[in-house]
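Peer 1: Have a look at this one.
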Amino acid sequence: MNNVLLAFAVLLLAASQILQKLAAAKRIAGARTSRDWLRALLSSELIGALVTIAAGTALWLGVLYRMDVSRAFPVLSFGTVAVVAASRFLLGEQVSLRRWAGVVLITLGIAMVASS
């Protein structure tokens, strides 16, 4: 059960990053007036980002209560892997081979920590 909570926390925190990027690209980039900023701040993307970061943080606190931080925190790095993958496949961003190599190294590190 702890691993499930940890996985959901990581995915929610990563989803928040993608939603923040969408809000910045779609809403904030064109904001010029105070009315535009208010609309941007009340956009579904930004509200979704706030909800997912709040839920992810709440789950993260539950994880910290139940697990050793020395095991849980390195797994939080999987959020980086998820964000890079989502930025490539959902947002269409270019991801260099060097960045993918870093993702592989992070994944190997997480696997080493998880197996110990």
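The values are calculated or read from the model by the stated rules, or taken from the named source; none is laboratory data. The shown structure was predicted, so the numbers you read here are calculated from the model rather than taken from an experiment. Heads up, the Cβs are rebuilt from the backbone with ideal geometry, glycines too, and the neighbour counts pull from every protein chain shown. We work out accessible area using only protein heavy atoms, side chains counted, and drop any ligands, DNA or RNA first. Shrake-Rupley method; radii C 1.70, N 1.55, O 1.52, S 1.80 Å.
Peer 1: Treating the angle as unsigned and between 0 and 90°, give the value, to the nearest 10°, between the Cα long axis of helix 97-115 and the longest Cα principal axis of the chain.
Peer 2: 50 degrees
Peer 1: Using a 1.4 angstrom probe on the protein heavy atoms only, line up VAL4, VAL95, VAL63 by accessible area, largest first.
Peer 2: Working: VAL4 75, VAL95 25, VAL63 0 Å².
My answer, sorted largest first, is VAL4, VAL95, VAL63.
Peer 1: I've got another one for you. Quick check: net charge around LEU38, other residues with Cβ under 14 Å of its Cβ, Lys/Arg +1 and Asp/Glu -1?
Peer 2: So the surrounding residues net to +3.
Peer 1: Compute the accessible area per residue over the stretch 11-116, keeping the other protein chains in place, probe 1.4 Å, unit Å².
Peer 2: Accessible surface, normalised per residue, equals 65 Å².
Peer 1: Shifting gears a bit: Using a 1.4 angstrom probe on heavy atoms only, work out the carbon and sulfur share of the accessible area of the stretch 1-74 in %.
Peer 2: The value for the stretch 1-74 is 67 percent carbon and sulfur by accessible area.
Peer 1: Using only the heavy atoms of the protein chains and a 1.4 Å probe, how would ASP68, ASP36 rank by accessible area, largest first?
Peer 2: The ranking, largest first, comes out as ASP68, ASP36.
Peer 1: Then there is this: Let me check I've understood the local charge: for VAL113, count other residues with C-beta under 15 angstrom from its C-beta, Lys and Arg +1, Asp and Glu -1. What total comes out?
Peer 2: Counting the neighbours of VAL113, the net charge comes to 0.
Peer 1: Running a GNM on the chain with Cα contacts under 10 Å, which residue among LEU11, LEU38, LEU46 ends up with the highest mean-square fluctuation?
Peer 2: With Cα springs under 10 Å in the chain, the top fluctuation among LEU11, LEU38, LEU46 is at LEU38.
Peer 1: Could you give the distance between the Cα centres of the stretch 58-97 and the stretch 7-51, to the whole Å?
Peer 2: 18 Å
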